[in-house]
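The values are calculated or read from the model by the stated rules, or taken from the named source; none is laboratory data. Since we're looking at a predicted model, the values are computed, not measured. Here the Cβ is made from the backbone with ideal geometry for all residues, glycine too, and neighbour counts use every protein chain on show. Keep in mind that these areas ignore ligands, DNA and RNA; they rest on the heavy atoms of the full protein, side chains included. Shrake-Rupley method; radii C 1.70, N 1.55, O 1.52, S 1.80 Å.
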Amino acid sequence: MIEEKKWVPRESTFIRDPHSSATPEVWNFTCIRCHATAGIPAHDPQTDWVASHAADLGIACEACHGPGQSHIKWQQFLDAAVASGDPLPEGKDPIVHPERLDAERSTQVCGQCHGMRWWDEKEQWRTTGFDYRPGEDLAATTPMIQPTKVDELPWLESIVERRPDLLRDFFWSDGMIRVAGREYNGLLETACHTKGEMSCLSCHSMHDSDPNDMLSRDVTGNQACLQCHESMRDEITTHTYHAPESEGSQCYNCHMPHTTYSLLKAIRSHEVDSPNVSVTQATGRPNACNLCHLDKTLQWTADNLTHWYGHESITLEHSHQQTAASLIWLLQGNAVQRTLASWHMTWKPTFETSSSNWRMPFMIQLLNDNYAATRYVTWQSLKKLPEYERIQQGIEFYKFVSPAPERVAIQQALMNSWSTHLNEIGGPSLNNPQLMFLENQPATIDQTLLIQLLQTRDDTSILMSE
């Protein structure tokens, strides 16, 4: 964990069923393609001997720009011509510049690593390395896994038959990727890319950006989208029904919400779509509206989308009319839903849409979750609540990988402390039945509903690693 400068078990950083066997991974075959430059496994199938090597043990210049030897020779040739006064040679520097490629080939440079793909054994990559070089057609050597096109891809169909869990673990049921490091798959399902000119470099820059998110300095906010959708510049509020400078009028908050799990956090989906309650119901993927308006029900979202955008009017089951969607995902959802909901409990924009004083007792329920990554994300999120500082005083420090009895003890201590501080916390949210508080009994959690949600939790086994 970089932010805490601590080592943790590798498997605990993934959303991984604790009852599943550890995933065997060998660096030379699993990691070398993306975590080294020009890596060659050099496996001898006759002796099973491996003499792997790479140009760089990390992501260096040639990973994105291609082999550099000809570039060096070209520059030396130019320098010699300038020094001697000879005419400059015709032609151009052979080095690849992703920003000079078209949207498809430029994005493929990133997609060689940031994609969910299948390694075709016919490539002989175990012996000679990988054929793809920046600027070439990635699809010719590296087939991408696209769940929406299984019927069109016989090779993928046969793989899914052998490994039916493959798609479920990495994709939402409609084919949207839900694990980080696979952003290229999102673009392959996005019309802005397939029918337009959107590429990774529409938003990101390797050399002119904050290294934390690599967003280009000149495309912050809505500017990234307005590059193409210029007509929306003066119609933001008309389109979003939110104040122009609010988080609800930021294009990416609605069209690219944080529905992807990265290492111990949530990140934005890289497939551009729009909030749709029917899709949420069908896939289980949280929608942008309820990830921001944590205190609202799914029915509330459905009604607003009908009123604002003409979505078909639907009447949801009783629970989605009575209980905030965020709490249903947090308490009853599967491991991915629980983790994403917990992270959003302290996503900064949510403090503008509802108070925070009601969130803590429900988040505490996840401190003894079966999934280690879910516990960690919850703990980090919990510590960002304004109420946390006084609630945790005198309570032993929580460790997400500690034995269950220790976790339960701290969990109970935090709940007891929260209860004793209710008079200080206060607020109308603690009387809101949609937030699972009894309407006529201030600050009293509906224990019957809480237990019902916990007992009907979706315990589908999930193994989702990057």
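Coupling constants for the range 12-19 follow from the phi torsions by the Karplus curve (6.51 cos²θ - 1.76 cosθ + 1.60, θ = phi - 60°), and in residue order they are 6, 8, 9, 7, 9, 4, x, 8 Hz; glycine and proline get x.
From the residues 176, 89, 66, which one has its Cα farthest along the dipole of the range 45-196 in the positive direction, the dipole being from +1 and -1 charges on Cβ of Lys/Arg and Asp/Glu about the Cα centre? Result: 176, furthest along the dipole toward the positive end. Applying the Karplus relation 6.51 cos²θ - 1.76 cosθ + 1.60 with θ = phi - 60° to the range 187-200 yields 3J(HN,Hα) values of 5, 5, 9, 10, 4, 4, 9, 5, 10, x, 10, 5, 9, 4 Hz, where x marks Gly and Pro. Counted residue by residue at 0.36 nm each, then reduced by the alpha carbon distance between them, the extension gain from residue 226 to residue 209 reaches 4.2 nm.
In the chain, the portion of solvent-accessible area held by carbon and sulfur atoms comes to 53 percent [1.4 Å probe, whole percent, DNA, RNA and ligands not counted].
Listed by chain and number, the lysines whose alpha-carbon sits under 18 Å from that of residue 195, ignoring those within fewer than 8 places in the same chain, are 149. A cut-off under 15 angstrom between Cβ atoms defines the neighbours of residue 381, and their net charge, with Lys, Arg +1 and Asp, Glu -1, is +2. Taking amide H atoms as placed 1.01 Å from N in the peptide plane, list the residues 5 or more away in sequence, or in a different chain, whose amide H sits under 5 Å from that of residue 53. Amide H neighbours of residue 53: 40. With the highest mean first, a sort of the peptides 400-407, 124-131 on other beta-carbon atoms found within 10 angstrom per residue produces 124-131, 400-407. Here the Karplus curve 6.51 cos²θ - 1.76 cosθ + 1.60, taken at θ = phi - 60°, turns the phi angles of the range 307-322 into couplings of 5, 7, 10, x, 4, 4, 5, 9, 10, 8, 4, 3, 4, 7, 8, 10 Hz, with x standing for Gly and Pro. Residues whose amide H falls under 5 Å from that of residue 15, counting only those 5 or more places apart or on a different chain, are 464, with hydrogens built in the peptide plane. The length gained by stretching the chain between residue 100 and residue 370 to full extension, at 0.36 nm per residue less their Cα-Cα distance, is 92.4 nm. Between residue 441 and residue 80, the contour length at 0.36 nm per residue exceeds the Cα-Cα span by 121.4 nm. The GluC sites (Glu not before Pro) of the range 199-295 that DSSP puts in a loop, and whose beta carbon has at most 14 other beta carbons within 10 Å, are 235, 245. Between residue 297 and 325, the built amide H atoms are under 5 Å apart, and every one of these is 5 or more places off in sequence or on another chain. Farthest toward the positive end of the dipole of the chain, out of 125, 381, 78, is the Cα of 381, where the dipole comes from beta carbon charges about the Cα centre.
A Förster radius of 30 Å, combined with the Cβ-Cβ distance separating residue 27 from residue 6, puts the computed FRET efficiency at roughly 0.85. Within the range 232-308, all pairs of alpha-carbon atoms sorted by distance into 10 Å bins from zero give the percentages 18, 51, 28, 4. Under the simplified labelling scheme, the residue 70-residue 119 pair shows an inter-label distance of 2.6 nm, with each label point 7 Å from Cα along Cα→Cβ.
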